[in-house]
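Encoded as structure tokens, the structure appears first; notes follow it.
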Amino acid sequence: GAGVSQSPRYKVAKRGQDVALRCDPISGHVSLFWYQQALGQGPEFLTYFQNEAQLDKSGLPSDRFFAERPEGSVSTLKIQRTQQEDSAVYLCASSPLTPGQGGNQPQHFGDGTRLSIL
Amino acid sequence: AQSVTQLGSHVSVSEGALVLLRCNYSSSVPPYLFWYVQYPNQGLQLLLKYTTGATLVKGINGFEAEFKKSETSFHLTKPSAHMSDAAEYFCAVPGGSNYKLTFGKGTLLTVNP
């Protein structure tokens, strides 16, 4: 496909379970971002990858959150021992260039994964 | 760190009326600013972007935004609202070494027939 693809679109889990959210960025995009969007709020930055390197994870809310992009394409966001406050939409975005090549390059967003923790 | 503030969490207009969605940035002039639109159960779609030196920026779907340094504003407008414009709109500024986006809280636009 031409856009950023995220799966699953919806995920329901019980408190304490582990979940894994997948992002397929646009082919060839170097930069990949994860954001968390709580109900009624704007997205908030979680973490950033340049190819396979995780260069910024300052937005991850706790050590229960872990992200990887081992081959520089598909990325997975994992949440361990989920809590109710983890309920949100998780958005993935990709961009073709590294920041040094053009900070004005817009990020292309997937449709998100809506995570509900019961 | 750069930030943006969106005034008005909910704006309601009649079809055909002017749309005005407000965004103010923090005091230092950002090199870039973006407006994104989010339709229900979808991701964010870029409407338009500002780059240094521009004042009036035209985007998709008839939207435009004017950068006003004196007012630290980057308000989004559209002369005539369509029903299909009903969505949530976010102003965003890139920051940090990786240009991660900082978003406003969003403005929900309702268009009444």
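The values are calculated or read from the model by the stated rules, or taken from the named source; none is laboratory data. Because the structure is a prediction, the values reported are computed rather than measured. Because the Cβ atoms are built from the backbone with ideal geometry, glycine has one as well, and the counts that use them run over all protein chains shown. The protein model used for the area step is the full one, side chains on, heavy atoms only, and it has no ligands, DNA or RNA in it. Shrake-Rupley method; radii C 1.70, N 1.55, O 1.52, S 1.80 Å.
The table below gives the values:
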| item | result |
| --- | --- |
| Residue list for the range A:35-55, filter: more than 10 Å from chain B (Cβ to nearest Cβ) and within 10 Å of the chain's Cα centre (by Cα) | A:36 |
| Residue A:115 of a type in the set (A, V, I, L, M), over 11 Å from the mean Cα position of the chain (by Cα), more than 9 Å from every other protein chain (Cβ to nearest Cβ) and within 22 Å of residue B:90 (Cα to Cα) | yes |
| Single unsatisfied condition, residue B:3 versus (1) open to solvent by 30 Å² or more (accessible area, probe 1.4 Å); (2) farther than 17 Å from residue B:105 by Cβ; (3) touching a residue at least 40 places away in the same chain (Cβ under 8 Å) | (2) |
| 1 or more residues within 18 Å of residue A:108 (Cα to Cα) and either without any contact (Cβ under 8 Å) to a residue 40 or more places away in the chain or among the basic types (Lys, Arg) (or both): qualifying strands (runs of 3 or more DSSP E) within the range B:71-113 | B:100-103 |
| Residue list for the range B:6-55, restricted to those being free of Cβ contacts under 8 Å to residues at least 40 places away in the same chain and basic (Lys, Arg) | B:49 |
| From the options A:40, A:28, A:16, A:59, residue that is of a type outside the set (Asp, Glu), in a loop (DSSP other than H, G, I, E, B) and under 19 Å from residue B:36 (Cα atoms) | A:40 |
| Count of the range B:57-86 residues which are surrounded by fewer than 17 Cβ atoms within 10 Å (Cβ to Cβ) and within 14 Å of another protein chain (Cβ to nearest Cβ) | 1 |
| Positions within the range B:48-64 being in a strand (DSSP E or B) and farther than 15 Å from residue A:93 by Cβ, in sequence order | B:48, B:50, B:51, B:56, B:57, B:58, B:64 |
| Of residues in the range B:38-91 being within 14 Å of the chain's Cα centre (by Cα) and of a type in the set (D, E, K, R), the one nearest to residue B:102 (Cα to Cα) | B:49 |
| Positions within the range A:62-85 being of a type outside the set (A, V, I, L, M, F, W, C), touching a residue at least 60 places away in the same chain (Cβ under 8 Å) and either on the phi < 0 side of the Ramachandran plot or in a strand (DSSP E or B) (or both), in sequence order | A:78, A:80, A:82, A:83, A:84 |
